[in-house]
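The values are calculated or read from the model by the stated rules, or taken from the named source; none is laboratory data. All values derive from a computational prediction rather than experimental measurement. Neighbour counts are summed over all protein chains in view; Cβ atoms, including those assigned to glycine, are modelled from backbone coordinates with ideal geometry. Just so you know, the surface numbers come from the protein's heavy atoms only, side chains and all, with ligands and any DNA or RNA stripped out. Shrake-Rupley method; radii C 1.70, N 1.55, O 1.52, S 1.80 Å.
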Amino acid sequence: MQEHVISQILAMDPSVNPVTVSGWVRAFRSNRFIQMNDGSTLHNLQCVVNFESFDAELLKSITVGAAIKVSGPLVASQGQGQAVEIQVQTIDVLGIADPEEVKLTILSPKRHSLETLREQAHLRVRTNTFGAVMRLRSKLAFAVHQYFQNNGFNYMHTPIITASDAEGAGEMFRVSNLSAEKAPKTEQGRVDFSQDFFGKETHLTVSGQLEAETYAMGLGKVYTFGPTFRAENSNTSRHLAEFWMIEPEVAFNDLHDNMDLAEDFIKFVVRYALEHCSDDLDFLEKRLLEEDKAKPQDQRSPMPLKEKLSFVLEHNFMRVSYTEAIDILKNSKPNKKKKFKYPIEEWGADLQSEHERYLVEKHFECPVILYDYPAKIKAFYMRLNDDGKTVRAMDVLFPGIGEIVGGSQREERYDVLKDKMLAMDIDPEELYWYLDLRKFGSCVHSGFGLGFERLVQFVTGMGNIRDVIPYPRTPGNAHF
Ligand code: 4AD
Ligand code: MG
């Protein structure tokens, strides 16, 4: 018999036709009511067992966590909480789950903290919260592709192993197959990478931008969507050592086109989530309201989750120059009262997450795009403005998250780019191919990177980035 999944069954009209479905037991009450979930939806399917007609041993093995397959007619439910239920005619126990062992895991039916769930990341997707977050993550990934494919972009696969540091920040993981104990050495006593697998030192990519630029210079509009790696020792709720980044790059776009693209793109995916994931969002919204009850008033979210998402759709992102932002911050209450951990003293200061969040959450109370940053605090590839001290950079700042997007118009002038590399200690020889683009038909072009997990955090309302990726990689933690 054809099997259905629970999301389909719950949308069916009750009829006597038997349906068959497999899933995991969430609860078994009074030897009569099985709550089954198969991951297709947040909702469980109620399976009603007439225990007199089944073997007692079989019923005993239907315990929380077990995998079962049931079939029987779908009927209108007499009970509260569900429209339909299955009147079970056959049950197969596909995989048992020993209650004594289940008791020791997060599958046991009681509240477990998110920290505890993280320690059992191989099981946490069977909880309502992680089921909802991971379904949303999947839908958002699909929406990302849909947006770019609808708008004439080509999906480009940039290399994971690379010899260049795209951000020039030196936060890379080395890739090598040299023996750790007996690595060959140069005369100077350093590891001799010329004898390594690629004949040179290589790393995991921190960004596909430089390669994406080369393709934008032939395909016009491209985007990447892949894993990126950063060996930054930041133990925060917004940093991962392995995260997924989306990087569009567009020939002939200037910084303002780039801002328009970022805003339009983010709104598209947020709208997609609201339109396609309302059950999971409702659940996550309730979860947040519960969580908020335990918090002091001033730390609670200013609006419920779905309202927050709609708010983003309905408002233009505020576009503010770095210079204006510094003025606002310098004169802000927390700065004057020395409440910032990093006080803002003068133009040129790098903005910390506390400053970004002040601008978004307290001052403007809406998403903000900051642009024209000091050249000194940004990467080498950004287009220098005529003032000689700022670059055409932009960061999109979101409530609760801070920076969600970082991007820029790229320096398209050969000499200016080369000088900048030299000034920032980046070897132009190593990046000759990147400089070549500026020799053969160079043009204005722009792009940005959006951290996918930060987007998932925003849409699901999850406070910690470790809870929106299946297996988080953070300093000191590559378990599973
Ligand atoms: O601002 P970033 O470093 O920009 C770049 O990598 C550019 N090459 C992008 C481009 O212009 N094509 O990173 C972009 C975004 C950040 O805004 C943030 O959302 C996310 O990537 N991000 C991280 N997300 C999770 N964990 C980390 N350690 C992250 N570092 C950056
Ligand atoms: Mg950035």
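I'm checking my understanding of the structure. Among residues of segment 360-384 that are open to solvent by less than 20 Å² (accessible area, probe 1.4 Å), part of a loop (DSSP other than H, G, I, E, B) and farther than 30 Å from Pro302 by Cα, which one is nearest to ligand 2 (Cβ to nearest atom)? Step through it out loud before you land on a result.
First, the residues of segment 360-384 that are open to solvent by less than 20 Å² (accessible area, probe 1.4 Å): 360, 366-370, 373-375, 379-382.
Checking which are part of a loop (DSSP other than H, G, I, E, B) leaves us with 366-367, 379-381.
Checking the rest, the ones that are also farther than 30 Å from Pro302 by Cα come to 379-381.
On the way: Ala379: 8, Phe380: 14, Tyr381: 13 Å.
Restricting to residues being open to solvent by less than 20 Å² (accessible area, probe 1.4 Å), part of a loop (DSSP other than H, G, I, E, B) and farther than 30 Å from Pro302 by Cα, the top hit is Ala379.
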Self-check item: Single residue of segment 238-260 satisfying the filter (away from ligand 2 (no atom under 16 Å from the Cβ) and open to solvent by 20 Å² or more (accessible area, probe 1.4 Å)) that is farthest from Glu412 (Cα to Cα)
Solution: Glu242
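This table checks each residue for (1) farther than 13 Å from Val93 by Cα; (2) open to solvent by less than 50 Å² (accessible area, probe 1.4 Å); (3) assigned to a helix (DSSP H, G or I).
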{"residue": "Pro18", "(1), (2), (3)": "yes, no, no"}
{"residue": "Asn31", "(1), (2), (3)": "yes, no, no"}
{"residue": "Thr41", "(1), (2), (3)": "yes, yes, no"}
{"residue": "Leu58", "(1), (2), (3)": "no, yes, yes"}
{"residue": "Gly65", "(1), (2), (3)": "no, yes, no"}
{"residue": "Lys69", "(1), (2), (3)": "no, no, no"}
{"residue": "Val75", "(1), (2), (3)": "yes, yes, no"}
{"residue": "Gln80", "(1), (2), (3)": "yes, no, no"}
Practice problem: Would you please name the residue that is nearest to ligand 2 (Cβ to nearest atom), looking only at residues in segment 441-461 that are in contact with a Phe, Trp or Tyr (Cβ under 9 Å, 6 or more places away or on another chain) and open to solvent by 10 Å² or more (accessible area, probe 1.4 Å)? | Solution: Gly451
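When you scan segment 385-409, how many residues do you find that are closer than 23 Å to Leu455 by Cβ and either within 16 Å of ligand 2 (Cβ to nearest atom) or open to solvent by less than 20 Å² (accessible area, probe 1.4 Å) (or both)? Show your work before the answer.
Taking segment 385-409 and keeping what is closer than 23 Å to Leu455 by Cβ, we get 393-409.
Now restrict to residues that are either within 16 Å of ligand 2 (Cβ to nearest atom) or open to solvent by less than 20 Å² (accessible area, probe 1.4 Å) (or both): 393-398, 401-409.
Qualifying residue count, segment 385-409: 15.
How many residues are touching a Cys at 6+ places or on another chain (Cβ under 8 Å) and closer than 12 Å to Thr158 by Cα if we restrict to segment 168-226?
The first filter runs over segment 168-226 and keeps only residues touching a Cys at 6+ places or on another chain (Cβ under 8 Å), leaving 217.
Next, only the ones that are closer than 12 Å to Thr158 by Cα stay: none.
Final tally of qualifying residues: 0.
Given the condition within 14 Å of ligand 1 (Cβ to nearest atom), within 30 Å of Ser310 (Cβ to Cβ) and in contact with a Gly (Cβ under 8 Å, 6 or more places away or on another chain), answer yes or no: does some residue in segment 213-224 qualify? First the steps, then the outcome.
Within segment 213-224, the subset within 14 Å of ligand 1 (Cβ to nearest atom) is 213-216, 221-224.
This time we only want the ones that are within 30 Å of Ser310 (Cβ to Cβ), so: 221, 223-224.
Okay, now just the ones that are also in contact with a Gly (Cβ under 8 Å, 6 or more places away or on another chain), so 221, 224.
Within segment 213-224 (the criterion being within 14 Å of ligand 1 (Cβ to nearest atom), within 30 Å of Ser310 (Cβ to Cβ) and in contact with a Gly (Cβ under 8 Å, 6 or more places away or on another chain)), the answer is yes, since at least one residue qualifies.
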Practice problem: Would you be able to tell me the number of residues in segment 6-43 that are polar (S, T, N, Q), without any contact (Cβ under 8 Å) to a residue 40 or more places away in the chain and under 24 Å from Ala56 (Cβ atoms)? | Solution: 3
Quiz prompt | Out of Val459, Val416, Val405, sole residue that is more than 15 Å from ligand 1 (Cβ to nearest atom) and outside any loop (DSSP other than H, G, I, E, B) | solution = Val416
